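Undergrad: Got a structure for you, questions after.
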Amino acid sequence: MVDTSLIGIKTDWTKVEVEKGAVRKFADAIGANNPLYYDEEYAREKGYRSLVCPTTFPATFHLPKPGMNLELTRTLHGEQEYDYERPLVAGDILMCRSELVDVFERQGKELMTFYIIETRGEDENGQLVYKSRATIIHR
């Protein structure tokens, strides 16, 4: 039986610094060729403070998972979505916090537990930069 008492558990805030090298490496890894991800001068000409991060860049943040202690060999990443208030750029320092907002089970070939996690990334002034929602599946 799924433990719904976990819903609402939040992690502590985690500080994340966005580095230029990490932006370029991530863009390379996903095969992106937008010069906003590689050329700082070009990004500044377009009105940004520094390199712009690809939209899925927060997936690289090593953030704790709220209320979850799962065996990784039985875990799948089911879905991920991002909602931005403004572009994330190199040099940003974020405070990130995740919350387990739902947990439920579905029967397939075997019983699967679905964990829905929402994460907030705020700038140093406490202003929201992005929110994400992830589905983690435990078989």
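Undergrad: Where residues in segment 38-79 are over 16 Å from the mean Cα position of the chain (by Cα) and among the β-branched types (Val, Ile, Thr), which of them is surrounded by the fewest Cβ atoms within 10 Å (Cβ to Cβ)?
TA: Out of the qualifying residues, it is 73.
Undergrad: What number of residues in segment 64-104 are in a strand (DSSP E or B), of a type outside the set (S, T, N, Q) and at pLDDT below 95?
TA: 4
Undergrad: In segment 1-29, which residues are part of a helix (DSSP H, G or I) and loosely packed, with under 14 Cβ neighbours inside 10 Å?
TA: To start, the set of residues in segment 1-29 that are part of a helix (DSSP H, G or I) comprises 4-6, 20-29.
Of everything in segment 1-29, those that are part of a helix (DSSP H, G or I) and loosely packed, with under 14 Cβ neighbours inside 10 Å turn out to be 4, 5, 21, 25, 28, 29.
Undergrad: Kindly indicate whether residue 110 is at pLDDT below 95 and within 30 Å of residue 44 (Cβ to Cβ).
TA: no
Undergrad: Now a separate question. Collect the residues in segment 105-129 that are surrounded by 11 or more Cβ atoms within 10 Å (Cβ to Cβ) and not in a strand (DSSP E or B), keeping them in residue-number order.
TA: Once the filter is applied, which keeps residues that are surrounded by 11 or more Cβ atoms within 10 Å (Cβ to Cβ) and not in a strand (DSSP E or B), segment 105-129 yields only 123.
Undergrad: Next question, about the same structure. Just to be sure before I move on: is residue 109 over 30 Å from residue 7 (Cβ atoms) and either over 12 Å from the mean Cα position of the chain (by Cα) or among the hydroxyl-bearing types (Ser, Thr, Tyr) (or both) in the structure I sent?
TA: In short, no.
Undergrad: Turning to a different aspect of this structure: Return yes or no: is residue 85 among the acidic types (Asp, Glu) and crowded, with 17+ Cβ neighbours inside 10 Å?
TA: Here the answer is no, as residue 85 does not meet what is asked.
The values are calculated or read from the model by the stated rules, or taken from the named source; none is laboratory data. This is a predicted model, so every value here is computed, not measured. All Cβ positions, glycine included, derive from the backbone under ideal geometry; neighbour counts span all protein chains shown.
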